[in-house]
Amino acid sequence: MLGATGEFPHFSIEDRQRLAETIIAGTRLPVMVNVSHSSLDGALELAQAAKQAGAAALLLMPPYFYRYGEPETGEFLRRFAAAAPAGIPRFLYNIPFFTSPIPIELALDLLRSQAYAGIKDSSGDWQSMSRLLEVRETATIVVGNDSIFTRARSDGAHGSISGVACALPELVGALDAAICSGDTARQQTLDARLHEFIAWIDTMPVPVGIRLALAARGAAPGEHPVPFSRETAARAAAFRAWFSSWWPAVQLEIDQH
């Protein structure tokens, strides 16, 4: 909960703690909580609250907004691992689109030392993902960028934390099932559908397309925190028109299997 698609930077620490308590109390499923913050103290405060709320795991990106090099990023991640509450797995969150990257050698070092139990890699970079898959026997490798989901999952990634699945869980779930069962034809069909959706949402700011799809499906994601430009408003209208016919056809393909 509260990753990039969950728009966590818009919330105060208190709001994030309250949301974690509410969501964890309302489900029987294990919940991974993103505790990323611009400071080490803030991340540790969120981590302690998540542990007390009953979180199953913690997710941490490098400190955001200001850009840091590998030495500071490594120090931040190591100090968090040393000071974070015990008894709860910690996962790295590599998302260089929005904050400092976690260099691949640093990520591998942290995973091999078991300072972190796994990583959500949202870079979309296949070379980095292929290196991470080298340690999949001892660390949990999770795809965070839907554009390489099918390839990474087919090559041994343990799963996905999917932005697309926030709006279209049926599509991502059916694709994952096709990969696991070895149904190549169905996998190719659903992967093509996934990339059709990604191509549309990539024409708008993150995560506007996910919000629009949720609204089209009857959810109420609330007001957009940043007003649309005229261009984005036009893209949003075109997306709604496309989605209104595209999604029923995809649902039919999924249900008919």
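The values are calculated or read from the model by the stated rules, or taken from the named source; none is laboratory data. The structure presented is a predicted model; accordingly, all values stated were derived computationally and were not measured. A quick note on method: Cβ atoms are made from the backbone with ideal geometry, for glycine too, and the neighbour counts reach across all protein chains shown.
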Considering each residue of the stretch 162-178, count those that are over 14 Å from I254 (Cα atoms) and surrounded by fewer than 21 Cβ atoms within 10 Å (Cβ to Cβ), and give that number. 2
Unique match (being among the hydrophobic types (A, V, I, L, M, F, W, C), out of contact with any strand residue (DSSP E or B) (no Cβ under 6 Å at 6 or more places or on another chain) and in contact (Cβ under 8 Å) with a residue 12 or more places away in the chain) among L108, L92, L132: L108
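Let's see how each residue does on (1) of a type in the set (D, E); (2) crowded, with 16+ Cβ neighbours inside 10 Å:
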| position | (1), (2) |
| --- | --- |
| M1 | no, yes |
| E14 | yes, no |
| T22 | no, no |
| G26 | no, no |
| V35 | no, yes |
| P85 | no, no |
Take the conditions within 22 Å of G156 (Cβ to Cβ), part of a helix (DSSP H, G or I) and either at pLDDT 95 or above or more than 24 Å from the chain's Cα centre (by Cα) (or both) and apply them to R186. Does it pass? yes
Across the stretch 10-36, the tally of residues that are assigned to a strand (DSSP E or B) and of a type in the set (S, T, N, Q) stands at 1
In the stretch 221-240, the residues that are outside any helix (DSSP H, G or I) and within 24 Å of R193 (Cβ to Cβ): P221
Hey, any hits in the stretch 95-109 for a residue that's buried (at least 23 other Cβ atoms within 10 Å of the Cβ), over 18 Å from A4 (Cα atoms) and modelled with pLDDT of 95 or more? yes
Give me the residue from the stretch 241-256 that is of a type outside the set (A, V, I, L, M, F, W, C) and in a helix (DSSP H, G or I) and, out of that set, nearest to G209 (Cα to Cα). S244
Quick count over the stretch 121-131, residues being part of a loop (DSSP other than H, G, I, E, B) and either among the hydrophobic types (A, V, I, L, M, F, W, C) or loosely packed, with under 15 Cβ neighbours inside 10 Å (or both), is 0
Go through (1) crowded, with 16+ Cβ neighbours inside 10 Å; (2) polar (S, T, N, Q); (3) free of Cβ contacts under 8 Å to residues at least 60 places away in the same chain one by one and return the number of the condition T5 breaks. (3)
Quick count over the stretch 132-176, residues being under 16 Å from E196 (Cα atoms), assigned to a helix (DSSP H, G or I) and of a type in the set (S, T, Y), is 2
